[in-house]
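Input: a single structure, listed below in structure tokens.
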Amino acid sequence: IVMSLPFDEQVAKRLLSRELATVLVEFTRPGFSSVGIDDVQGGTFAGEYLAARGCTRCAFVGEAQSASLTEVQAAQRLAGYRSSLQMAGLELPDEYVSIAPYGVEQARQQAHALFSLPQPPDGIFAHSDFQAIGVLKAARERGLRVPEDVAVIGFDDVETADYVGLTTIRQPLFESGQVAVRLLLERLNHPERSAQRVILPLTIVQRETA
């Protein structure tokens with residue numbers, strides 16, 4: 001089972017030629033079974049949620065990634081987010097999109113920059129729960145009320161999200177491991193079968209921050 005680690009064509013050919021049963025998690029490649037989520041849909045859920053609760057100045061705190069072999073998660077989530085806001089009649093100006101290296105401290109700094117805009121956002125979607133926690137810290141340092149002044153929504157639903165009352169897009173992390181094992185066993189028992197692609201459902205978990 002290969003978890004969130006894209007590999008190049010040479011590695012793919014070597015695995016296939018040696019008939020080494022392999023299942024990919026969070027990325028795809030022809031000839032391999034895989035399990036993942038629809039990141040565009042996740043961003044869409046976030047935009048729809050913030051628009052429905054009345055946010056009119058929505059921002060995005062994203063993660064700077066580089067991946068030549070697979071679609072970048074942050075870009076996909078941002079695309080879904082932007083599209084859903086447009087469907088609600090809302091724009092997502094460039095100054096409301098903040099991309100930086102991953103980290104809680106980096107997200108805190110990103111949020112401070114957004115809050116310093118002439119018209120600061122009243123809704124923020126963060127690429128991950130840990131980045132959302134950085135946003136919450138910045139909001140607290142600014143004396144902003146959450147969600148009254150700014151609503152914050154994360155992505156993943158890690159255990160910490162529940163402790164801090166974070167509204168988030170839940171991806172079934174535990175279930176993805178179970179499905180990956182099932183797919184791997186099926187490949188071992190029936191190597192003649194075609195590769196399978198399993199997309200797991202996303203849900204919104206509503207808590208105190210939005």
Exercise. If you take just the strands (runs of 3 or more DSSP E) that sit entirely in segment 1-109, which of them hold at least 1 residues that are within 18 Å of HIS127 (Cα to Cα), free of Cβ contacts under 8 Å to residues at least 40 places away in the same chain and within 15 Å of the chain's Cα centre (by Cα)?
Worked result: 97-100
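Give segment 172-210 a look and list any residue that's in a loop (DSSP other than H, G, I, E, B), modelled with pLDDT under 95 and crowded, with 16+ Cβ neighbours inside 10 Å, or say none.
PRO172, ALA195
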Exercise. Is it the case that segment 121-129 has a residue that's open to solvent by 50 Å² or more (accessible area, probe 1.4 Å) and either assigned to a loop (DSSP other than H, G, I, E, B) or not hydroxyl-bearing (Ser, Thr, Tyr) (or both)?
Worked result: no
For this session: Select from segment 1-45 the residues that are farther than 29 Å from PHE155 by Cβ and open to solvent by 60 Å² or more (accessible area, probe 1.4 Å) and list them in ascending order.
Result: GLU9, GLN10, LYS13, ARG14, LEU16, SER17, ARG18, GLU19, LEU20
Problem set entry | Residue check for VAL135: at pLDDT 95 or above, in contact with a strand residue (DSSP E or B) (Cβ under 8 Å, 6 or more places away or on another chain) and either assigned to a loop (DSSP other than H, G, I, E, B) or under 17 Å from GLU26 (Cα atoms) (or both) | no
For this session: Considering each residue of segment 131-171, count those that are over 19 Å from ARG53 (Cα atoms) and under 11 Å from the mean Cα position of the chain (by Cα), and give that number.
Result: 4
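The values are calculated or read from the model by the stated rules, or taken from the named source; none is laboratory data. Everything numeric in this text was worked out from a predicted model, so none of it was measured. With ideal geometry, Cβ positions are generated from the backbone for all residues, glycine too; neighbour counts draw on all protein chains shown. Accessible surface is based on the protein model in full, side chains and every heavy atom, while ligands, DNA and RNA are left aside. Shrake-Rupley method; radii C 1.70, N 1.55, O 1.52, S 1.80 Å.
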